[in-house]
Amino acid sequence: MMVNRGYIPQRTCISCRKKMLADQLVKFKLIDGKLSMVSKGIFVKGRGCYVCPSNSCLNKAIKKNLFSRALK
């Protein structure tokens, strides 16, 4: 398998639905049944979702229960 080292994947914020580079978003994972924020460059198995680093997007994701919907 060939890896393109200069490639940064795009991901979608679960709150505002904007597509951005993955390294510009905050990554959350479900680890042992608990929601955890994952540091950049760390690989953890399991389902994940991304949120913009703004307070408004994070608050909307919490208020509308978007984490549980994205991590089904």
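The values are calculated or read from the model by the stated rules, or taken from the named source; none is laboratory data. All values derive from a computational prediction rather than experimental measurement. Every residue, glycine as well, gets a Cβ built from its backbone with ideal geometry; the counts of neighbours run over all protein chains shown. Areas reflect the complete protein model, heavy atoms only, side chains present, ligands, DNA and RNA absent. Shrake-Rupley method; radii C 1.70, N 1.55, O 1.52, S 1.80 Å.
Among beta bridges identified by DSSP and lying wholly in the chain, the antiparallel ones come to about 90 percent.
Counting only chymotrypsin sites (Phe, Trp or Tyr not before Pro) that are in a DSSP loop and have at most 14 other C-beta atoms within 10 Å, tell me the longest site-free stretch of the chain. Display every interim value, and only then the final one.
Working: sites that count: Tyr7, Phe43.
It runs 8-42.
Every helix of 4 or more DSSP H residues in the chain counts as -39500 (n - 2.57), and over all residues that averages to -5000 deg cm²/dmol at 222 nm.
Simple rule: put +1 on each Lys or Arg Cβ and -1 on each Asp or Glu Cβ in the chain, find the dipole, and look at Phe67, Pro53, Gly41; the Cα lying farthest toward the positive end is Phe67. Mean projected area of the Cα convex hull of the chain, taken over all directions, amounts to 5.5 nm². Here the chain is assigned +1 on the Cβ of each Lys and Arg and -1 on the Cβ of each Asp and Glu. Its dipole about the Cα centre then comes out at about 260 debye.
Within segment 1-59, the trypsin sites (Lys or Arg not before Pro) that combine a DSSP coil assignment with at most 16 other C-beta atoms in a 10 angstrom radius are Arg5, Arg17, Lys18, Lys40, Lys45, Arg47. Simple spin-label estimate for Val44 and Phe67 gives 1.1 nm between the two label positions (7 Å along the Cα-to-Cβ direction from each Cα).
Mean separation of Cα pairs under 8 Å and 6 or more residues apart, divided by the residue count, gives the chain a relative contact order of 30 percent. Per residue, the solvent-accessible area of the chain (1.4 Å probe, heavy atoms of protein chains only, all protein chains present) comes to 79 Å².
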